[in-house]
Structure formats: structure tokens, C-alpha cells
Amino acid sequence: MCVLTAPEHRGRGLARAVAGAATTEALAVGLLPQWRARPEASRRVGRVLGYRELGWQLSVRLG
């Protein structure tokens, strides 16, 4: 799942509202949502929604 909030709109709970609704919908249809975040603010949103940190992800740009 990816939720991006424009800098001028951050801190209003928008990411939490959108991600919460998407998480609820995903679970309702039998999907397993995942929250991946590096910035601490994004990690906090994930924790508030009940996501747990279980590992790490590595991204590599080829070419």
C-alpha cells in the first residue's frame, strides 16, 4: 500500500484516513495489506493502523 500526502497537507490525518479505509477494504475482501515505510512519520501512521514492523525491504534501481 502506498499513500502519499503533499507536504502542504501533512499533519491533518489524511494519510491515516485514506490508509485506514484502504486497509479495512482490503481485509474485507480477503487481501493481506502491507505497510512499507522509511520515514518515521509514515512508520507512525502504520503503527497507529495496527501494522507491525517485521523486516526490511531493499530497493535497487537497475540500469
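Within the range 24-63, how many residues turn out to be within 9 Å of the chain's Cα centre (by Cα) and polar (S, T, N, Q)?
Number of matching residues: 2.
Please determine, by comparing only the residues of the range 24-43 that are of a type in the set (D, E, K, R) and surrounded by fewer than 13 Cβ atoms within 10 Å (Cβ to Cβ), which one is farthest from P7 (Cα to Cα). Give the steps one after another, and end with the answer.
Applying the first criterion (of a type in the set (D, E, K, R)) to the range 24-43 yields 25, 36, 38, 40, 43.
Now restrict to residues that are surrounded by fewer than 13 Cβ atoms within 10 Å (Cβ to Cβ): 25, 38, 40.
Numbers: E25: 26, R38: 16, E40: 15 Å.
Ranking the qualifying residues of the range 24-43, first place goes to E25.
Residue-by-condition table, conditions (1) in a helix (DSSP H, G or I); (2) in contact with a Gly (Cβ under 7 Å, 6 or more places away or on another chain); (3) touching a residue at least 24 places away in the same chain (Cβ under 8 Å):
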| position | (1), (2), (3) |
| --- | --- |
| M1 | no, no, yes |
| A15 | yes, no, yes |
| A21 | yes, no, no |
| A26 | yes, no, yes |
| Q34 | no, no, yes |
| A37 | no, yes, no |
| L54 | no, no, no |
| V60 | no, no, no |
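In the range 44-57, what residues are over 16 Å from G13 (Cβ atoms) and among the basic types (K, R)?
The one that is over 16 Å from G13 (Cβ atoms) and among the basic types (K, R): R52.
We did not get these values from a lab; they are worked out from the coordinates using the rules stated. Remember, it's a predicted structure, so these values are computed and weren't measured experimentally. As a convention, Cβ positions derive from the backbone with ideal geometry for all residues, glycine included, and neighbour counts pool all protein chains shown.
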